[in-house]
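Data first, discussion second: the structure below is written as structure tokens.
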Amino acid sequence: MAIEVAIIAIAGFIVAILGSVAMLSTSFIITGSGEETIEGGVTGSAAQLVLRTGVVAESGEVDVDGNDVILLSGVDELAVAKLKMVLEVSTDVSVDLTPPNTTDDTLVDPDASGLSPRAFITLSWNEFTTNGAEWSVLFLGDSDGDYHLEQGERAEITIWLHEYDGTNVLYDLGTDSSDGFVDTAIELLQQRDEFAIEINVGGSTPLTIQRTLPLELGTSDLLD
């Protein structure tokens, strides 16, 4: 009789252990799924991005011959140096706009951010294409201090076509295809050129923006 009671007790103990393991496994699955949902909510896609302004094309003198001196009557040319736009999100899902570049308004801009961006920008026109445009971001107005664009926040994206040389007050050509800058005089973005911008976040369908430059370039042209 004692042996039977012991067998029954052991069997009950084993069933209890198996039940606890099953519940624990289920708990892990639920927890894991919850974390994926949270992570998915933190980083949205380009589908949430909305362009809230026109695109501003800022032009400057490009040091085509690389002598650090602008010669307006020589080979140096006026061209678009930066493209700016303001973005918002259309839903309560935030979008990660961690940039590849930052600026400090000293010597040369932009600078490598040293961060790991999730958003990538393609920039193209007839003579030029880059899938890794150099860009920086500035949050306007109220912001919580991170790089996630959330409802109620506005982010000004600046795409740098050329590196700015603050010492000589001019823009330089890029060095080669390893950077996202314009490398040659033939590739300069100038009057009457049509260009396209694609902002891609996490491999989603990109936000595509197309504009055409005016017949004459100003210092700052608003392209609606």
Pairs of alpha-carbon atoms within less than 8 angstrom and 6+ residues apart define the contacts here; what relative contact order does region 43-88 have, in percent? 50 percent
Computed over region 79-130, protein heavy atoms only, probe 1.4 angstrom, the accessible area per residue in square angstrom equals 43 Å²
How many percent of the accessible area of region 149-224 is carbon or sulfur, using a 1.4 Å probe? 43 percent
Could you state the principal axis extents of the C-alpha atoms in region 135-218, from the largest down, to the nearest angstrom? 40, 33, 29
Quick check on region 78-130: take the gyration tensor over C-alpha atoms, sort the square-rooted eigenvalues as a ≥ b ≥ c, and tell me if it's rounded (a/c under 1.5), prolate or oblate. oblate
I want to check the label-to-label distance for THR98 and ASP224. Put each point 7 Å from Cα in the C-beta direction and report it in nm to one decimal. 3.9 nm
Cα gyration tensor category, rounded, prolate or oblate, for region 177-224 with a/c compared to 1.5: oblate
Under 16 Å from the ASP68 label point (7 Å along Cα→beta-carbon), backbone N, region 155-181: 164-173
Tell me the Kirkwood radius of region 98-189: reciprocal of the mean inverse pair distance over distinct alpha-carbon atoms, in Å. 14.3 Å
Kindly rank 87-98, 153-164, 122-133, 210-221 from highest to lowest mean number of other beta carbons found within 10 Å of each residue. 153-164, 87-98, 122-133, 210-221
Using the heavy atoms of the protein chains alone and a 1.4 angstrom probe, what is the accessible area of region 182-224 per residue in square angstrom? 56 Å²
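The values are calculated or read from the model by the stated rules, or taken from the named source; none is laboratory data. For clarity, every value in this text was computed on a predicted model and none was experimentally measured. Cβ atoms come from the backbone with ideal geometry, glycine included; neighbour counts cover every protein chain shown. Areas reflect the complete protein model, heavy atoms only, side chains present, ligands, DNA and RNA absent. Shrake-Rupley method; radii C 1.70, N 1.55, O 1.52, S 1.80 Å.
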